[in-house]
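Notes follow the structure.
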Amino acid sequence: MCLAIPGKIVEIASDNPHSALVDVVGMRRKVDLGLLQDDMPVSGDWVLIHVGFAMSKISEVDAIEQMRTLEMLGESEAAVQEVRGYGLEEPQDQQAS
Amino acid sequence: MKYVDEFRDPELITKAAEEIKRLAEPKKHYRLMEVCGGHTHAIYRFGLKDVLPPNIELIHGPGCPVCVLPMGRIDDALSISADPHVIFAAFGDMMRVPGTNGSPLEHKARGMDVRIVYSPSDAIKLAKMNPQKHVLFFAIGFETTAPSTALTLMRAKSEGLHNFSVFCNHVTIIPAIRAILDSPDMRLDGFIGPGHVSTVIGCRPYEWIAKNERKPIVVCGFEPLDLLQSIVMLLTQLQKGEAKVENQYKRVVPWEGNRAALRAMAETFQLRPYFEWRGLGFISQSALRIRDEYAEWDSEQRFHIPGIRVTDPKAAQCGEVLKGVLKPAQCKLFGKECTPENPVGALMVSSEGSCAAYYNYEHRKAALVANIGSAA
Amino acid sequence: MSSQAKLDISAPKIRFREPQIEMAHGAGGKASRRLVEGLFAPFFFGASSDALGDAAHLSINGAQLAVTTDSFVVNPLVFPGGSIGELAVNGTVNDLSVSGARPEALVIGLILEAGLRTDVLQDEIQAIANAAQKAGVRIAGGDTKVVEHGKADGMYISTTGLGTLLPGVEVSPQSVRPGDKILISGPIGDHGITILLARGDLDMEGDLRSDTRSVFPLVETLVKAAGPGVRWMRDPTRGGAATSLNELARDCGLGIVLFEDSVPIRDAVRGACELLGLDPLHIANEGQFLAVVASEFADAALKALQETPGGEAARIIGEMREQPAGSVLVLTLYGGSRIVDMLVGDPLPRIC
């Protein structure tokens, strides 16, 4: 039960604060914001849409952090390899690697 | 597409795959279960198995609400809808699921008023547009979808809509995971945790898996990088001998879940004492029924339902495939009597059912992957 | 559908056993193929198991003609980018074009529903006339029937088209070889998504238009640029590009590999497909064509298309290979792959 898509709120209905128009790369869909009433999103916010309802606000901060973590994958290991390559360890350590 | 394309970046995917190869100890065989059908679908759609090392085995879990729905429930709903004054409304996923006398689409071909809806709100719209008819909304889904049904029930009540009712088949994910862990044939090293269910229930409900069962579980998103990052996180925990709940899908899943959604569910639903899950048998406290305060909008209270129990054909091994004990291709009917066009069991109809996913995306390529070069 | 002159002994005979006709039989996918091959072909084409193409090439007393027919059923009748009248002309013109023929003339059959407003009908007649003129074909005649209210969704149109064979062009699945490149003339999915939105069932809207148009000018360009290297062509209508390519794979016994990132698709179509859980490769197109071109001609062919008005978005999207025989495989840039099959029934949106 999992198909949910990120979309950007472009307009909140004037006659119904729980109804919003959300944009998904040029497609505009009417979405119910009722599940986010404890922390209502505003125009410009990104939300996750499932069966016409907004389930959650999307955190840009967390998305950026995730990308950074992904970009750094393997880098700490790569750094270790690089240091080893400089031949700075004692001869007995080199045999272990 | 923002928040989608970044998580499909080919270079980062290759990087994550390399990290997984580095972390996976060559002598070990890892069995990781993705609980959620949406993850099963994503794994096949993005061809992720091709980038994983052979010693990481992904086991498909029972988190496909269409797959675990007993055929008798479809028969019940269709029997109510046989009345010409009733409109049967359901999501596209349900339309080809076989009942004893055919799927909803086949019933439509024989004259039943069957409509596809894309939201429970559409079902309310249908009811308003057809005051002479009664709209039966066939609700399915785990906790991801139940809150939307809950809000819809509340709206139907507050607007005094009388020609509308919900045939509720919502189920809950934790009992399904428990059933897997209780199964004697299961040996699992960790879980790729449900993503969108967790936007509602949060991450706390999985803590017993880590504490009591000592298995790591990572709540995971649905893009390729989400899945691969979650596998990295699982392997890292396993390497360190850890077992904890982690949230990989932070950009969307709040640790505490969605209180407004949970409140709406509490207002409109209560747990059934037990419910039959196709392939898993009767599980207690695993499904939702509509509260008496909303009886008027509960199809099961508005109408007489036959309560038919239909057992699966003996040859169909849906249960074992659901539990991950058998692979789809190991079921005797797979690809022969049971195909997406002529499904015997729901795992072949639902696009996230492991059998359909495997059939549609994978089975003809198994022997051929070796011959295929990379994309230009 | 019509019979080509060459034999195809690799496709198995399918006999039609279903007790009633379902909507799926008209969707252009597997069910449609079963109906055509299992029920119609045995009666019309006898023991011959020829591959069924888009148009038939007939030799009658020395005159070489292409002939095809198509029927148009669409709801709503009018939609962004066109209407049923335009579809009726362009659909048949395109079937002739991709068979390697110059479209020359059409005859139109109309089935009208009693109660259809005259101004609506007139708009469609105008649309047919305009589309025919734009495509350079004559309307040679037609027929009209009226049926009772409730029986024709307003109107159904059937068109039969005649064309003359383009010299030096012989397209068939049997001509296709491993290593041949697969081209598409433009972005996929515009028409199908436009219709879905135009029905108004979805609370969704977007700036999309049907891509209905005659592809003959582009086919002519391709043939000039690649002549003997054009092996096969098809217009991917109902069932989408995936269905047409699966049919090719089955008819020629080779495999097809598509490069996912090379397939052109508009953002809005992509967004709608993601929202609804649809695969763009299964969505109908009304103004595009697929072509298999020998690799030595492929780059020149692509360039020629891209320099022709209307062909700017043409791309090479894949190639023919020995494996996976009979199937279509989609490759991602990171080395992931999935099989994409023919459409089973109508594309059903999903929430899971």
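The values are calculated or read from the model by the stated rules, or taken from the named source; none is laboratory data. Just so it is clear, the structure is predicted and the values come from calculations on it, not from any experiment. Glycine also receives a Cβ, built like all others from the backbone with ideal geometry; neighbour counts cover every protein chain displayed. Surface accessibility is based on the protein's heavy atoms, side chains included, excluding ligands, DNA and RNA. Shrake-Rupley method; radii C 1.70, N 1.55, O 1.52, S 1.80 Å.
Before moving on, here are some points about what is shown:
- Chain B: antiparallel DSSP beta bridges as a percent of all, rounded to 5: 20
- Here segment B:66-146 has 54 percent of its accessible surface on carbon and sulfur atoms, given a 1.4 Å probe and all protein chains in place.
- Base-10 log of normalised Debye intensity for chain B (one unit scatterer per alpha-carbon) at q = 0.07 Å⁻¹: -0.32
- Pairs beyond 27 Å (Cα-Cα), from B:21/B:250; A:57/B:244; B:2/B:327: B:2/B:327
- Straight-distance crosslink candidates among aspartates and glutamates, where the alpha carbon sits under 12 Å from residue C:30 and sequence neighbours closer than 8 are dropped: B:341, C:247, C:341, C:346
- Burial ranking of peptide ranges C:120-126, B:117-123, C:312-318, B:193-199 (average Cβ count within 10 Å, highest at the top): B:193-199, B:117-123, C:312-318, C:120-126
- Think of it this way: in chain B, B:36, B:168, B:203, B:220, B:318, B:331, B:338, B:355 stand alone, with no other Cys Cβ under 4.7 Å.
- Our note on the geometry: Cα centres of segment B:155-194 and segment B:116-153, 17 Å apart.
- The modelled label-to-label distance for the pair residue B:55/residue B:274, using points 7 Å beyond Cα in the direction of Cβ, is 4.3 nm.
- A simple spin-label model places pseudo-atoms 7 Å from Cα toward Cβ; at residue B:128 and residue B:22 they are separated by 5.6 nm.
- Where labels lie 7 Å past Cα in the beta-carbon direction, separation of residue C:267 and residue B:292 in nm: 5.5
- Counting only lysines at least 8 places from residue B:15 when in the same chain, those with an alpha carbon closer than 18 Å to its own are B:49.
- The sum of -39500 (n - 2.57) across all DSSP H runs of n ≥ 4, divided by the residue count of chain B, sets its helix-only mean residue ellipticity at 222 nm to -9500 deg cm²/dmol.
- Diagonalising the gyration tensor over the Cα atoms of segment C:85-225 and scaling each eigenvalue by 5 before taking the square root yields semi-axes of 31, 21, 13 Å, largest first.
- Only beta bridges with both residues in the protein assembly as shown are counted; by DSSP, about 65 percent of them are antiparallel.
- Chain B: angle of helix B:71-81 to the longest principal axis, Cα-based, in degrees nearest 10: 30
- Calculated mean residue ellipticity, 222 nm, chain C: -8500 deg cm²/dmol, from DSSP H runs (n ≥ 4) at -39500 (n - 2.57) each, averaged per residue and rounded to 500.
- Base-10 log of normalised Debye intensity for segment B:54-132 (one unit scatterer per alpha-carbon) at q = 0.14, 0.15 Å⁻¹: -0.52, -0.58
- Within the straight-line cut-off of under 14 Å between alpha carbons, the aspartates and glutamates reachable from residue B:314 are B:337, sequence neighbours fewer than 8 places apart in one chain being disregarded.
- Extent along principal axes [Cα atoms of the protein assembly as shown; Å; largest to smallest]: 85, 80, 56
- Loop-located GluC sites (Glu not before Pro) across segment B:1-79 with a Cβ neighbour count of 15 or fewer within 10 Å are lacking, with loop assigned by DSSP.
- Once the convex hull of all Cα atoms in segment B:205-276 is built, its volume per residue stands at 138 Å³.
- Number of partner chain Cβ atoms within 10 Å, mean per residue of B:341-352: 2
- Folded to 0 to 90 degrees: helix B:120-129 orientation relative to chain B principal axis, Cα: 20
- A Förster distance of 51 Å, applied to the separation of the beta-carbon atoms of residue C:306 and residue B:101, puts the FRET efficiency at 0.45.
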